[in-house]
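For reference, the structure discussed in these notes is given below.
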Number of protein chains: 2
Amino acid sequence: MNVHVIGIGLIGGSLVLDIKALHPEATIYGIDANPKHVQEAIALGVIDKESNYEDLATADFVIVSVPVDVAMTVLPEVLHHIGDKTIVFEVGSTKTPICEVVAHHPKRRNFIATHPIAGTEFSGPSAAIKGLYQGKTNIICEVEKTAFKLQEKALELFKNIGMRIRYMDPKSHDKHIAYVSHLSHISSFMLGKTVMNKEKDEQDIFDMAGSGFESTVRLAKSSPAMWTPIFKQNKKHVVETLEEYIANLTQFKDWLEADDYQAIFNEMESTNKIKEILNGITTIKK
Amino acid sequence: MNVHVIGIGLIGGSLVLDIKALHPEATIYGIDANPKHVQEAIALGVIDKESNYEDLATADFVIVSVPVDVAMTVLPEVLHHIGDKTIVFEVGSTKTPICEVVAHHPKRRNFIATHPIAGTEFSGPSAAIKGLYQGKTNIICEVEKTAFKLQEKALELFKNIGMRIRYMDPKSHDKHIAYVSHLSHISSFMLGKTVMNKEKDEQDIFDMAGSGFESTVRLAKSSPAMWTPIFKQNKKHVVETLEEYIANLTQFKDWLEADDYQAIFNEMESTNKIKEILNGITTIKK
């Protein structure tokens, strides 16, 4: 089995580590715009060998795991080079633009659009970890546009890696993921910024930070190169979530300024219901 | 050794669990407005016996760990009942109002104002855990107003529990903690609210949530009874942090609407410096 990963970081690297564990006989090839990443990935045992686009003709699986703007040119190019039996999946956090860019590609049926909902705040080959996808959700878009035999091949692999599958159209995916993922990242980045700006004037306030602060700003460690194009591609929905979030924060501030503590209490109490929802996430996905 | 904890929840309960581990001969007494909490705490081994205010005359240590509004009446009452050698500490997340309310109390020198920066999103006696304070920071305010021998007694206990001490005046404490703790809680509650409101119209979007979302909304599970009075007491600083946070989010949204992705990239890249700061927290405090 020949597997090629294009963009050897957290997402693609972790995928090939799981594939290699399931299929020790597989040869894992890697392509990366950064030559240091290729060397690092070989040294870490994430990939076996470097490859290039000409080698893709004999690939069984090709994973495109590059920033979502780069994927817009890489994916059509990859489809141009693959063989008839190759299945290609792209794993980015936005799905409408990538589905549109290959909609009329002659090899569209060799492509399956996926979004494995998994990750950490780290990036690069050293961020790749085994078992990242165990119990996580993989969202698949426009499954009907992928050749049936190749769908089967991809789904069997996802299942063996431990993922649950959910089907969704690309537009619904992009709208919903803005709420449960993209907004969290912005909220975290801006929280980090607000506190860091304060730190400039008031030394050592981080010395007072505890695990609660750490948890809410964890995502502010995420890669700008990965996240800027996500926000760009999903601009419309991200702006919508930001408007709602800012309106809710402003409402909270208004209540505080008006000394309406009953409203604040009620608001927090009703949001406490998120406990059960998070328990659901923890039970199902961990 | 006689130790009394008034308000047997996460903070006070965890403290007495550590004290009992250090001093197995100590008797741990508890007082709680909720009779079920007293029974639960005894059943869980968090306290040995129920007590009442009349028993405080023979106490070595009294821990006041009730919501910060309740502490405003409980603490003066406690000081009224204690003996000359008793040391009382209050552990709430705001320090100016509590220091003011006992400023002229005849037993002011038996009181030490503390804020152990530790916790989880859970509450009640079952939330008490051993070792919660290991490696955490304990902020002590107006230490000079506590009798020297009682300071020594309290500080030795905090040190033995594994805490590092930091001294601060109450006003600085309340200003800085608004940034590194209170704002995180509001950011998390409002993020939870924004996504839950959306869920009403669009079913099952939580099914798409991953560990990033979970991390940023974790604090939205926190107790409204504990947090409403904190926001009330620290209103001025909390409003200030919210204004800055909302301004930063609005700036981000404006850049997105203006397609200024370079500004967004730069913003995230500069906020990435929080990595080193968080590593500092993790190294020192865990």
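The values are calculated or read from the model by the stated rules, or taken from the named source; none is laboratory data. Fair warning: this is a prediction, and the values are worked out from it, not measured in the lab. Here the Cβ is made from the backbone with ideal geometry for all residues, glycine too, and neighbour counts use every protein chain on show.
Here are the numbers:
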{"item": "Any hit, region B:87-100, residues being free of Cβ contacts under 8 Å to residues at least 12 places away in the same chain and among the small types (Gly, Ala, Ser)", "result": "no"}
{"item": "Output for region B:100-110, where each listed residue is out of contact with any helix residue (DSSP H, G or I) (no Cβ under 6 Å at 6 or more places or on another chain) and among the hydrophobic types (A, V, I, L, M, F, W, C)", "result": "B:103"}
{"item": "Residue count, region A:227-245 (criterion: buried (at least 24 other Cβ atoms within 10 Å of the Cβ), closer than 12 Å to residue A:181 by Cβ and out of contact with any Asp or Glu (no Cβ under 6 Å at 6 or more places or on another chain))", "result": "3"}
{"item": "Verdict on residue B:161 being assigned by TED's automatic domain parsing to the domain that holds residue B:18 and crowded, with 20+ Cβ neighbours inside 10 Å", "result": "yes"}
{"item": "Count - residues of region A:60-87 that are within 20 Å of residue A:230 (Cβ to Cβ) and either at pLDDT below 95 or not in a helix (DSSP H, G or I) (or both)", "result": "5"}
{"item": "Residue within region B:199-215 that is buried (at least 22 other Cβ atoms within 10 Å of the Cβ), touching a Lys or Arg at 6+ places or on another chain (Cβ under 7 Å) and either outside the structural domain of residue B:90 (by TED's automatic domain parsing) or closer than 30 Å to residue A:277 by Cα (or both) present", "result": "no"}
{"item": "Count of region A:209-240 residues which are closer than 27 Å to residue A:100 by Cα and facing another protein chain (nearest Cβ under 7 Å)", "result": "8"}
{"item": "In region A:199-208, the residues that are more than 7 Å from every other protein chain (Cβ to nearest Cβ) and not basic (Lys, Arg)", "result": "A:199, A:201, A:203, A:204"}
{"item": "Residue A:179 vs. criteria over 30 Å from residue B:178 (Cα atoms) and within 13 Å of chain B (Cβ to nearest Cβ)", "result": "no"}
{"item": "Residue in region B:204-211 that is under 30 Å from residue A:118 (Cα atoms), modelled with pLDDT of 95 or more and among the hydrophobic types (A, V, I, L, M, F, W, C) present", "result": "no"}
{"item": "Residue check, residue B:196 at the interface with chain A (Cβ under 7 Å from one of its Cβ atoms) and at pLDDT below 95", "result": "yes"}
{"item": "Residue tally, condition in a helix (DSSP H, G or I) and either under 16 Å from the mean Cα position of the chain (by Cα) or of a type in the set (D, E, K, R) (or both), over region B:202-213", "result": "1"}
{"item": "Residue satisfying condition, being at pLDDT below 95, part of a loop (DSSP other than H, G, I, E, B) and on the phi > 0 side of the Ramachandran plot, within set A:119, A:131, A:45", "result": "A:119"}
{"item": "Test: residue in region B:168-183 that is within 30 Å of residue B:47 (Cβ to Cβ) and surrounded by fewer than 20 Cβ atoms within 10 Å (Cβ to Cβ)", "result": "yes"}
{"item": "Number of the exception - residue B:36 against (1) basic (Lys, Arg); (2) farther than 19 Å from residue B:154 by Cα; (3) in contact with a strand residue (DSSP E or B) (Cβ under 8 Å, 6 or more places away or on another chain)", "result": "(3)"}
{"item": "Those residues of region B:244-273 which are facing chain A (nearest Cβ under 7 Å) and closer than 17 Å to residue A:245 by Cα, in sequence order", "result": "B:244, B:245, B:246, B:248, B:249, B:250, B:252, B:253, B:256, B:257"}
